[in-house]
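Here is the structure we will look at, set down as structure tokens.
What follows draws every value from the coordinates through simple rules; no lab data is involved. Since the model is a prediction, treat every value here as computed from it, not as a measurement. Cβ coordinates were reconstructed from backbone atoms using ideal geometry, including for glycine residues, and neighbour counts include every protein chain displayed.
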Amino acid sequence: MSRTAAGRVPGVAVVGAGHWGQNLVRVFAELEALRLVCEVDAEKRSRCAASCPGVRVTERFTDVLSDADVSAVVIATPAASHHRLAREALAAGKDVFVEKPLALTAADGRDLVRAAQDRNRLLMVGHLLEYHPAVVALKALVDRGDLGKIQYLYSHRLNLGKFRTEENILWSFAPHDVSVMRLLLEETPVEVSAHGASYLHQAVADVTVTTMKFASGVRAHLFVSWLHPYKDQRLVVVADRKMAVFNDTAEQDKLVLYSHEIDWVKRVPVPHRKPGEAVPLEAAEPLRLECRHFLDCLQTRRTPQTDGASGVRVLEILEACQASLERDGQPVRLTHAD
Ligand SMILES: NC(=O)c1ccc[n+]([C@@H]2O[C@H](COP(=O)([O-])OP(=O)(O)OC[C@H]3O[C@@H](n4cnc5c(N)ncnc54)[C@H](O)[C@@H]3O)[C@@H](O)[C@H]2O)c1
């Protein structure tokens, strides 16, 4: 890891060392940036103290804010607390990395972007997939025109758990898929339509299917569920030269390209199937790449790839999907263009 002029990696505090936060604790410790962990649960604090010798632990967020050794705060608490904690960290002059979703309303997301601008602080959101070697490779292929024109894409993010009550499946899982679709297409949908159903809690959707229309003519769908018998995370891109499958649950060959051809015989389309070709990928943990990017941005003051503004765009799309979900799939138009 590159270091500051004083020879030290910027000091980071991780707030929330739960299911996901413990991964951030591990990686920032490996990158020699972790100074402090803030966790309200005593057992999890003890676990962090044992696994990261030399790193301080606290239950008080005020300790994070007042710690001069901590220049950046990483927030991995439940989504309902993101806005308040990030706001306080920015007000205390810290740079901030917030796990997805940035907040639970676009208005709160915009408030964080303004607060970061006012204090000249960095604000990054944990849209992890944008740092995934398969997504980085796919984006490069799309930008080079190797796939041709994208016609349709879909994303499935399915698993059993982790059930939440603060937000529904759309706000919990879909930020990843929406951020990747925006990255690949470089446009925001003009219209969305979402259907869903709640089984575990009356008002919390466990499964949603969303369709999206883009001004370029691209169409997409997004299927997310935490009530599914097995883990399935895949993104399929159908373009007019090649098709791509990013299967994040595959052990290897996570990104495969297909160069199928379609011939027209007597005005009838006839498919000629070709075998899939695996795209060689950098063997690096996406979370490590994401955390390194944040540390690089802290040092260079570069705007993060997944900055607050991109986090807000994702929230605006999710809000439109939520509005449609509440009207049983009625199409909702988006007013904010990219
Ligand atoms: N990027 C990803 O791939 C990914 C994956 C899973 C979860 N997440 C996100 O990470 C965040 C946390 O999710 P999780 O699954 O780890 O939840 P979790 O409930 O397992 O963990 C949250 C932790 O925060 C602690 N906490 C709550 N309020 C706190 C406070 N004020 N101060 C200190 N600690 C506090 C809780 O005790 C708990 O240990 C969510 O925003 C979630 O969407 C991201």
At a Cα cut-off below 15 Å, give the aspartates and glutamates reachable from Lys44, other chains included and same-chain residues fewer than 8 away excluded.
Glu59
What are the radius of gyration and Dmax of segment 232-271, computed over its Cα atoms and given in Å?
13.4, 42
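With a cap of 14 neighbouring Cβ atoms within 10 Å, and only residues DSSP puts in a loop, list the GluC sites (Glu not before Pro) found in segment 25-81.
Glu32, Glu59
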Top mean-square fluctuation among Asp263, Asp307, Asp108, Gaussian network model of the chain, C-alpha springs under 10 Å?
Asp263
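What does the convex hull of the Cα atoms come to per residue for segment 1-119, in Å³?
Per-residue hull volume (Cα only) is 101 Å³.
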On a 0 to 90° scale, report how tilted helix 169-185 is relative to the longest principal axis of the chain, with both axes built from alpha carbons and the result rounded to the nearest 10.
70 degrees
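Restricting to bridges with both residues inside the chain, how much of the DSSP beta-bridge set is antiparallel, in percent to the nearest 5? Mind dumping the intermediate values first?
Values: 43 of 69 bridges.
Around 60 percent of the beta bridges assigned by DSSP in the chain are antiparallel ones.
So what's the convex hull volume per residue for the Cα atoms of segment 83-172, in Å³?
Taking the convex hull of the Cα positions in segment 83-172, it is 148 Å³ per residue.
Looking at segment 137-193, which GluC sites (Glu not before Pro) are in a loop (DSSP not H, G, I, E or B) and have at most 13 other Cβ atoms within 10 Å? Present the calculation step by step, with values, prior to reporting the outcome.
Details: sites: Glu166, Glu167, Glu186, Glu187, Glu191; in loops: Glu166, Glu167, Glu186, Glu187.
Here the GluC sites (Glu not before Pro) that fit, given the DSSP loop and packing criteria, are Glu166, Glu186.
Starting with the fewest neighbours, write out Arg234, Arg144 ranked by other beta-carbon atoms found within 10 Å of each beta-carbon.
Values: Arg234 17, Arg144 8.
Lowest to highest Cβ neighbour count: Arg144, Arg234.
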Report, in debye and to the nearest 20, how large the dipole of segment 117-205 comes out about its Cα centre when Lys and Arg carry +1 and Asp and Glu carry -1 on their Cβ.
220 debye
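What do the square roots of 5 times the Cα gyration tensor eigenvalues come to for the chain, in whole Å, largest first, as semi-axes of the equivalent ellipsoid?
36, 23, 19
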Amide H contacts under 5 Å for Phe97, placed H, 5+ residues apart:
Val73, Val74, Ile75, Met124
Across Lys100, Lys162, Lys139, the residue with the highest GNM fluctuation in the chain (Cα network, 10 Å cutoff) is Lys162
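Test of understanding: ordering Ile150, Ile317 by Cβ neighbours within 10 Å, fewest first, what list do you get? Please report the intermediate quantities before stating the final value.
Details: Ile150 22, Ile317 25.
The fewest-first ordering by Cβ neighbours comes to Ile150, Ile317.
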Order of Trp264, Trp20, Trp226, Trp171 under a 10 Å beta carbon neighbour criterion, fewest first:
Trp264, Trp20, Trp226, Trp171
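Run through segment 282-330 and list the trypsin sites (Lys or Arg not before Pro) located in a DSSP loop whose Cβ has at most 15 other Cβ atoms within 10 Å.
Working: sites: Arg288, Arg292, Arg301, Arg302, Arg313, Arg327; in loops: Arg301, Arg302, Arg327.
Answer by residue number: Arg301, Arg302, Arg327.
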Of Lys242/Lys274; Lys149/Lys213; Lys149/Lys266; Lys100/Lys254; Lys162/Lys231, pairs whose Cα-Cα distance is over 19 Å:
Lys149/Lys266; Lys100/Lys254
For a quick check, take a GNM of the chain with Cα springs below 10 Å and name the residue from Ala137, Ala194, Ala250 with the largest mean-square fluctuation.
Ala250
